[in-house]
Amino acid sequence: MPVLGIDTSNYTTSVAVFDGHEGMNVGRLLAVSPGELGLRQSDALFQHVKQLPELFDRLAQENLLRGLEAVGASTRPRAVEGSYMPCFLAGASQGRNLASTLGVPFFAHSHQQGHLAAAAWSADQLELLDRPFLAWHLSGGTTELLRVEPDGYTVKAEIIGGTSDISAGQLIDRTGVLLGLPFPAGKALDELNRQAEGGKGFRVKQNDLRFSLSGMENKVKAMVAAGEKPATVARFTLDTVTNVVVRTTLEAQKQWPGLPVLCSGGVASNSYLRTAMSRTCGAVFAKPQYATDNAMGTAILTWRALHSEERL
């Protein structure tokens, strides 16, 4: 019997069902005006409330909402004290109300835990959730290198590296906006990068497993102002991000030898990064549709939570 997962992030409204083996995720990006770099939390929350009924209808049309055994939702960005973002209230409140109406359990998860679960499942390596591993959470708001350990039916993640300022996704999105691309700009910048004839990025300085990307935004602005070809600018940004992520991963693999590396988050859908990380570090990735924000991981963790309780 299926369970339901809901995720209402800064970028996407999504709902998913999972039956222990297979699942279906439906999602819709939040609308951002041309030239803008995101939404205020109040606007994001409003759009989630408007879009959730449409997504539930799509699942209902496929007869996937019958016999739900549990409901889960992402209620905060990370599973740590003080982690909070208003946009998650839309999914959390909807999920709790639905669970009460149906008389089934409700399980709360973090957005990051959902990303990791969706990545592991879509990479056909769900067993990773039951052993330690290294993971990148690469998104519009997060560039974190994690050491992940099993924690009952879910996982707990310790930040061991990543950016000290803007995220890789922010650099990519800001580059895209400067080039007139739609927000979020990851997919369009990836396509533009394929048109580049040569060119490379900047070798960002590392401090152990930490690095800074804020100075790269100024370099991108200078390139655009100097009239560089958009494809060259795209290559500069993506090569810069890829180079420092690869080098940081290799350093982490020296410190924690033998641990597999899993990549999740919207930036992890970039083909340039995926090729380099797979070849150099042996990293595994979520399938592109499950690398971006989605509710599938939340549904997977909800199913694991329900059946973990049944075993007690």
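Some points to look at:
- Test result for LEU102, at pLDDT 95 or above, hydrophobic (A, V, I, L, M, F, W, C) and out of contact with any Ser or Thr (no Cβ under 9 Å at 6 or more places or on another chain): yes
- Members of region 167-185 that are over 21 Å from ARG78 (Cα atoms) and either open to solvent by less than 30 Å² (accessible area, probe 1.4 Å) or in contact with a Pro (Cβ under 6 Å, 6 or more places away or on another chain) (or both): LEU171, ILE172, ASP173, THR175, GLY176, LEU179, ALA185
- Scan of region 7-22 for residues that are touching an Asp or Glu at 6+ places or on another chain (Cβ under 6 Å) and either of a type in the set (A, V, I, L, M) or not in a strand (DSSP E or B) (or both), ordered by number: SER9, TYR11
- Unique residue being out of contact with any Phe, Trp or Tyr (no Cβ under 7 Å at 6 or more places or on another chain), among the small types (Gly, Ala, Ser) and under 29 Å from THR302 (Cα atoms) when the list is ALA157, ALA168: ALA157
One line per residue, one yes/no per condition, for (1) part of a strand (DSSP E or B); (2) at pLDDT 95 or above:
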site: GLY5; (1), (2): yes, yes
site: MET24; (1), (2): yes, yes
site: ARG28; (1), (2): yes, yes
site: PRO34; (1), (2): no, no
site: HIS48; (1), (2): no, yes
site: LEU64; (1), (2): no, yes
site: ALA79; (1), (2): no, no
site: SER83; (1), (2): no, no
site: LEU98; (1), (2): no, yes
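- Among the residues of region 122-166, the one identified as out of contact with any strand residue (DSSP E or B) (no Cβ under 7 Å at 6 or more places or on another chain), crowded, with 24+ Cβ neighbours inside 10 Å and modelled with pLDDT of 95 or more is SER122.
- ARG203 meets the conditions (1) open to solvent by less than 60 Å² (accessible area, probe 1.4 Å); (2) under 21 Å from ALA276 (Cα atoms) in every case but one. The failed one is (1).
- Which numbered condition ILE300 fails, given (1) under 21 Å from the mean Cα position of the chain (by Cα); (2) open to solvent by 10 Å² or more (accessible area, probe 1.4 Å): (2)
- Of all residue pairs spaced 6 or more apart or on separate chains, those with beta-carbon atoms under 6 Å, a first member in region 124-143 that is among the charged types (D, E, K, R) and a second member that is at pLDDT 95 or above are ASP130/PRO150.
- Restricting the first member to region 45-61 and to residues that are farther than 10 Å from THR13 by Cβ, and the second to residues that are part of a helix (DSSP H, G or I), the beta-carbon pairs closer than 8 Å and six or more apart or on different chains are LEU45/LEU89; LEU45/ALA90.
- Applying the criterion of at least 2 residues that are more than 23 Å from the chain's Cα centre (by Cα) and at negative phi to the helices (runs of 4 or more DSSP H) found wholly in region 159-263 leaves 214-225, 230-255.
- The set of residues from region 163-179 being touching a Lys or Arg at 6+ places or on another chain (Cβ under 7 Å) and not hydroxyl-bearing (Ser, Thr, Tyr) comprises just one member, LEU178.
- Condition met for LEU273 (in a helix (DSSP H, G or I) and surrounded by fewer than 17 Cβ atoms within 10 Å (Cβ to Cβ)): no
- Cross-chain or 6+ apart pairs with Cβ under 7 Å, region 161-177 first and closer than 23 Å to VAL148 by Cβ, then open to solvent by less than 10 Å² (accessible area, probe 1.4 Å) and assigned to a helix (DSSP H, G or I): GLY161/THR248; GLY161/ALA252; ALA168/VAL241
- In region 241-254, the residues that are touching a residue at least 24 places away in the same chain (Cβ under 8 Å) reach residues that are of a type in the set (Lys, Arg) and surrounded by fewer than 17 Cβ atoms within 10 Å (Cβ to Cβ) with C-beta atoms within less than 9 angstrom, at least six apart or across chains, in these pairs: ASN243/LYS200; ASN243/ARG203; VAL244/ARG203; VAL244/LYS205; ARG247/ARG203; THR248/ARG210.
- Meets criteria (at pLDDT below 95 and surrounded by fewer than 15 Cβ atoms within 10 Å (Cβ to Cβ)) for PRO257: no
- Evaluation of MET223 against (1) buried (at least 22 other Cβ atoms within 10 Å of the Cβ); (2) free of Cβ contacts under 8 Å to residues at least 40 places away in the same chain (one fails), failing number: (1)
The values are calculated or read from the model by the stated rules, or taken from the named source; none is laboratory data. Only a predicted model underlies this, so the values are computations on that prediction, with no experimental measurement involved. All Cβ positions, glycine included, derive from the backbone under ideal geometry; neighbour counts span all protein chains shown. Calculation scope for accessible area: heavy atoms of the full protein, side chains included, ligands and nucleic acids excluded. Shrake-Rupley method; radii C 1.70, N 1.55, O 1.52, S 1.80 Å.
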